[in-house]
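Some notes on the structure that comes next.
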Amino acid sequence: MSRKRSWNTILVFCILIFGFTAATLLKPSSEFSETENRALAQMPKMELESILNGDFEADYEEYLTDQFVLRDAWIGLKTASERAQFRQESKDIYFAEDGYLIEKHTGAFTSEQAAQNQKLLAQFCERYEPQFGAEHMTVMLIPNAVDILEDLLPPFAAPCEQEGYLTQVQDALPEGVWFDAGAVLREHKDEELYYRTDHHWKTGAAFLVYQEWAREQGFVVPSESDYEIRTAAGDFEGTIQAKLGIHTAKDTLELYLPKKDIFYTMQINGAEKISYSLYDETALDTRDKYAVYFGGNQALVRLKARTDSDRRLLVLKDSYAHCFVPFALEEFEQIDLVDVRYYNQKLSELIVQEGYTDLLVLYNAAGFAEDVSLAKLLG
Amino acid sequence: MVFSSLLFLFRFLPAVLLLYYIAPRPLRNLVLLLFSLVFYAWGEPVYIVLMLVSILVSYTGGILVDWCLRRHKRGAAKAVLAVSSVVSLSLLGFFKYADFVIGSVNALTGAGMELLQLALPIGISFYTFQTMSYTIDVYRGEAKVQKNLISFGAYVTMFPQLIAGPIVQYKTIDAQLRMRRESAEQFTEGIHRFMIGLGKKVLLANNAGALWDKINVLEYGSLPVSTAWLGLAAYTLQLYFDFSAYSDMAIGLGHMFGFRFLENFNYPYLSKSITEFWRRWHISLGTWFREYVYIPLGGNRVTLWKHVRNLLVVWILTGIWHGANWNFAVWGLYYGLLLLAEKFLWGRRLQRLPSALQHLYCMFFVMLGWNLFVFDDMGKGLSYMKALFGLYGAGFGNGETIYLLYNHVVLLLFLIIGSTQLPAKLGNRLLGRLKGRETAVTVVTNLFYVAVFLLSVAYLVDASYNPFLYFRF
């Protein structure tokens, strides 16, 4: 090897090693990753004790990885390389047909947590059945895309264990409480039910399920023509896209705005925020566009509508309920949405205090199976 | 610390390179020593004391042995050597094997002694063997005594080979420790070798490991034969790429600091017999056991039964060196028996087979060997072996087999081709064609290594799986 060639190589090597080192040192730390929707690790404090027991070292490496320059681009490069190898999945996400990115939820339904959550929910329903009556209680766990959109998965992809789990949940509940949202969705599986790049269901899918539920509950069954369906965002890239860092498809986010006027107020977490619209339009300018509903996850959202009804609904839910509940506005004089992951008061006290007449439990199936806070249902 | 981490690439490596090359020549071993200590202490500082003790024992051992030899007191020298070896082996024995012994005694007698639950000091098996080889070689007159504690410390702790080898014998780098000339050519050689190792580890070994993990978590009882073999093949390839990548990176880093370590792997999966396999796999370990155990025991220049005994002793020790567990002893014995069989039973006949069959024979036993190796729990190992031979009646393959195969086909091709000489040959042919066109050669080689580097960084930034297999040895 000639000397000149050696120096060329050494130069390239030094640019890589020292260049990235300098870049990582100069780049100011970010607090939060909008793409990944999570707080990033910060520079840990240097203390003798944490150095000796290895905590500092572990935290420092996490900090370095989280704050690495061009983090999103690296993640995208990795995913692109996996796709170039004809991989049908990356990080437990299928590259499905029609541009769908579909989470596998491997193991979510067979875990101990899943079994325990199923028991907690059954106990909760048994406890409150005498008070509400089964006809005023509904549990709906919305199947995830991997279940409903099975036909779009890559050939020979392993079947998901979700359906079996949901049957177990249903069997453990008191008679008449379970609402089979999966059956409704399966009937419409060729329509746009889920976002291609986000883990939520689309508002249209929620509307289909609401229609069926309203019919069963004896509510007014709305039709699409009662709403102005407005595309609030046409360039939505959601949480699943963020995990992969590549750009596949862009989603549209539709809002169903009732044509007739409904008057209501919305209180978020007590008096923290009072508003006359469910929708937080500022979220549409951020990455997390699904937060247009209620401004994202809140511990307690209270909706009070001007209506003839004197029924009061408690919704125990995750974010899948956000695009569903607005359809029920006029059926109840009060709807409280409680997210037990964030709600730190006693649920039993709230139930006594507010005198609810109806109860709805609405989660996505995987979210429910993996939730670690459901013990609070019995609190 | 491991080489395949952002911390190493973008904190440690630039710092050590910078200071090493700024420092005047007499201080360079000191720079290496200090950085190596930081490298070792990162994440587990306590055991650094143990390593320092081990260094001091063999350092003084070497000086005393040399002192005695100079005064022609061979007996005294032997005594010193014995003491220093016993101390070194006791440290290794205590920290690596205490729980194994206690557990085995408990299992045999039901004594119910409590386990010590000591964390295994990283690299202890490697550095103990290095320090022992030094004192022994001084005694044998094969190595010069090293009176400079800093140079000796730098030898033992030298971060490129500290935690996973190759096991560098002191006599092979004595001259380099005293006087070495770093050069741009050697540094470049080091860069190339390091990049190859990094790519092999991050892009190939880790992904092969992820495939093995995917299959290993499945229910063995319903594992079709072909899926079981696919899993074992993935582990077989992971182990080679993981370990040989580490040696590549070690050798490459050595070059960057002007050292030449001996090769540790020579395409082991191209072997046509188990005997050949062990000449190509983890060469520095095989050499160590040959020089310090097998030959001192008499090697093959003894009666037949002693020769057999020597081989079995060496191979059971080799097995146990890999881990404090019965499966490793069995794995070592397995190879001891296979080597004996090749020596005395079917070695000649094997050579007359078509070479494809010889390869098949060798890989079959090597893979079964890894089946013993990978499961600490021998019951689990046997269950997996049952799946390999279809004893559960789970069929030959299913949809999942097809899914796993076509998802990993490119990876598997890279892995299989990568364990042969083909890539090196192709690379050389390409460079040969570009001969005389300096710029073209520079551009092509640099582009290749930059691409490998950038892809590896991408996999490290987004790391969900980056274990290091030889860490526990």
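Where a number appears in this text, it was derived from the coordinates with a stated rule and is not lab data. These figures come from a predicted structure and were not determined experimentally. A quick note on method: Cβ atoms are made from the backbone with ideal geometry, for glycine too, and the neighbour counts reach across all protein chains shown.
One table, with the values for the structure above:
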item: Separation between Cα centres of segment B:68-123 and segment B:393-448, rounded to whole Å; result: 45 Å
item: Candidate lysines for bridging to residue B:435, where Cα separation is under 17 Å - those fewer than 8 sequence places away on the same chain excluded; result: A:4, B:425
item: 222 nm mean residue ellipticity, helices alone, for the protein assembly as shown (DSSP H n ≥ 4; -39,500 (n - 2.57); rounded to 500); result: -17000 deg cm²/dmol
item: The protein assembly as shown - share of DSSP beta bridges that are antiparallel (%, nearest 5); result: 65 percent
item: √(5λ) per eigenvalue of the Cα gyration tensor, chain B, largest first, Å; result: 35, 31, 23
item: Cα-based Rg / Dmax (Å) for segment B:190-280; result: 15.8, 53
item: Along each principal axis, Cα extent of segment B:276-386, largest first, Å; result: 41, 39, 25
item: Isotropically averaged projected area of segment B:6-180, using the convex hull of Cα atoms (one quarter of hull area), nm²; result: 12.1 nm²
item: Prolate/oblate/rounded label for segment A:218-359 (Cα gyration tensor, a/c 1.5); result: oblate
item: Where the Cα pairs of segment A:3-90 fall when distances are cut into 5 Å bins, in %; result: 3, 12, 14, 15, 16, 16, 13, 7, 4, 1
item: Antiparallel content of DSSP bridges confined to chain A, in %, to 5; result: 65 percent
item: Above-threshold pairs, the threshold being 32 Å between Cα atoms, out of A:27/B:96; B:73/B:343; B:171/B:201; A:45/B:171; result: A:27/B:96; B:73/B:343; A:45/B:171
item: Karplus-derived 3J(HN,Hα), 6.51/-1.76/1.60, for each residue of segment B:273-280, Hz, glycine and proline x; result: 7, 5, 4, 5, 3, 6, 7, 10
item: Per-residue ³J(HN,Hα) for segment B:46-56, Karplus 6.51 cos²θ - 1.76 cosθ + 1.60, θ = phi - 60°, Hz, x for Gly and Pro; result: 4, 6, 4, 4, 4, 5, 4, 4, 4, 5, 4
item: Cα-based equivalent ellipsoid, segment B:131-239: semi-axes from gyration tensor eigenvalues, Å; result: 42, 19, 10
item: Number of Lys pairs (Cα under 28 Å; 8 or more positions apart or on different chains) in segment A:186-292; result: 19
item: Dipole magnitude (debye, nearest 20) for segment B:149-305, charges at Cβ of Lys, Arg, Asp, Glu; result: 380 debye
item: Span from the segment B:192-243 Cα centroid across to the segment A:93-149 one, whole angstrom; result: 34 Å
item: Centre separation in Å (Cα based) which lies between segment B:131-188 and segment B:13-43; result: 16 Å
item: Largest-first ellipsoid semi-axes for segment A:104-378, taking √(5λ) over the Cα gyration tensor eigenvalues, angstrom; result: 26, 24, 18
item: Likely footprinting exposure, A:90, A:275, fewest C-beta neighbours within 10 Å first; result: A:275, A:90
item: Relative pair counts by distance (%), Cα atoms of segment A:281-379, 5 Å bins; result: 2, 12, 23, 23, 20, 13, 6, 2
item: Debye log10 I(q)/I(0) at q = 0.09 Å⁻¹ for the protein assembly as shown, Cα point scatterers; result: -1.03
item: Along principal axes, Cα extents of segment B:201-349, largest first, whole Å; result: 50, 49, 33
item: Cα convex hull of segment B:302-363 - mean projected area over all directions, nm²; result: 4.8 nm²
item: Longest to shortest principal axis, alpha-carbon extents of segment B:322-473, angstrom; result: 56, 44, 37
